[in-house]
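Data block below; observations after.
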Amino acid sequence: MSGGVLVPGSTIGILGGGQLGRMTALAAANLGYRCHIFAPEAESPAALVSADWTRAAYDDHAALRALASKIDVATYEFENVPVACVAFLEQLAPVRPSTEPLRVAQHRAREKAFFEGIDVAVAPYAVAGNEAELIAAAKHVGLPAIAKTATEGYDGKGQARLEAGTDLPAVWAALGGRELIVEGVVDFIAEASVIVARGMDGVARCFPIGRNVHRGGILHTTTVPGGFDDKLLRQAEVIGRRAADAFGLVGVLCVELFIGRDGRVLANEMAPRPHNSGHWTQDGCVTSQFEQLVRAICGLPLGPVGLRARQVVMTNLIGDEAADWLRIAGAPDAKLHLYGKRQARPGRKMGHVNRLVT
Ligand SMILES: Nc1ncnc2c1ncn2[C@@H]1O[C@H](COP(=O)(O)OP(=O)(O)O)[C@@H](O)[C@H]1O
Ligand SMILES: [Mg+2]
């Protein structure tokens, strides 16, 4: 079809089999598309709701070739899909977004340099590749600070707080003796995130910006609107749009933000995919972040992003919290979403609930 538009009935390949892929697949199905999940795990929340799936390792070239022959476009839902896997697939089928935002998002130091390169402020930081550099980095950045593994951290994992008197060699050992970045602790009054979708025509659209509250490093709630003033919201939108434009992104991208006590907006990290802080859009927005991703990568126009309620509150159901599902299902203002995961391990995201205030 003309202009690269994929007609309904086309197949979307999704690298990664978690809940983000699941919710993308559900949105895709709603628009008449089929999804093919590619993931190494034995159990996949995404595969449970998709037309097809391949269980294979991310470096299985034969399996990736077979995938490419069955799909019209591919995307990724998991941030740590190896860049080499995406680059290999990219030679065989269109992959949206491309490898570059993934490569940047997989490494905290690259991420910081990216933000600095587009003139977006970040917390003071330094990189440390060994114990002596960690000591130097802590001195350079100043305490209190947070040491984070440069790669593979999520939900607060792979982080340690550094205070005066912290045993830095012990921190180096505890974080696995891997490359770290040390960040100054930001005195924020709030956390927020800007989620932006950008289509094949280069048109970008931001979702209304929410306020995020974390517990133990894991997102607990997102509230939209977040009670931020217009100036701040504009700053946040500019950051999202600038990031998406810099990548020539086709897809969805989230930038996590710190709102400083001094009114400055700092970028924390980014993800070139739908984000937990955007789950409220499923019930609280005319178009969800998942539908927006499907629209973008299939060459459709982006959907409208108006709020459908006076306020929306998304609450994650982590570990045992999901055991309360039946009570939540009966609450008059609650929309329950469960990911179909069998085991509720501590810290594991099992589902979420969107509450609409009308
Ligand atoms: N430099 C910082 N200053 C203050 N709080 C921070 C800083 N870095 C991280 N945090 C807190 O820890 C949470 C998780 O850190 P983040 O860097 O987003 O890693 P993850 O990949 O685990 O989400 C943040 O949302 C924030 O609440
Ligand atoms: Mg984060």
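The values are calculated or read from the model by the stated rules, or taken from the named source; none is laboratory data. Not measured: the values here are computed from a predicted model. Cβ placement follows ideal geometry from the backbone for every residue including glycine, while neighbour counts extend to all protein chains displayed. For the accessible areas, the whole protein counts, side chains as well, though only heavy atoms, and no ligand, DNA or RNA atoms are used. Shrake-Rupley method; radii C 1.70, N 1.55, O 1.52, S 1.80 Å.
Enter the angle in degrees (range 0 to 90, nearest 10) between the Cα long axis of helix 61-70 and the first principal axis of the Cα atoms of the chain, meaning the one along which they spread out most.
40 degrees
Where in region 328-358 are there trypsin sites (Lys or Arg not before Pro) that are in a DSSP coil and have at most 13 other Cβ atoms within 10 angstrom of their Cβ?
Details: sites: K335, K341, R342, R348, K349, R355; in loops: K341, R342, R348.
Here the sparse-neighbourhood loop sites are R342.
Please report Rg (one decimal) and Dmax (integer) in Å for the Cα set of the chain.
Just the Cα atoms of the chain yield Rg and Dmax of 20.1, 64 Å.
With everything on Cα atoms, drop me the angle between helix 108-117 and the longest principal axis of the chain, reported from 0 to 90° to the nearest 10.
That helix lies at roughly 90 degrees to the long axis.
Rounded to whole Å and sorted largest first, what semi-axes of the equivalent ellipsoid does the C-alpha gyration tensor of region 2-95 yield via the square root of 5 times each eigenvalue?
Working: eigenvalues 69, 55, 22 Å².
Value: 19, 17, 11 Å, ordered largest first.
Just to confirm the number: angle between the C-alpha axis of helix 230-247 and the first principal axis of the chain, 0 to 90 degrees, nearest 10?
Here the helix axis deviates by roughly 70 degrees.
Rounded to the nearest whole Å², what accessible area per residue is found for region 110-216 with the 1.4 Å probe?
Working: 4930 Å² over 107 residues.
That works out to 46 Å² for each residue.
Whenever you get a sec, compute what percent of the accessible area on the chain sits on carbon and sulfur atoms (1.4 Å probe).
Values: 7810 of 15170 Å².
The value for the chain is 51 percent carbon and sulfur by accessible area.
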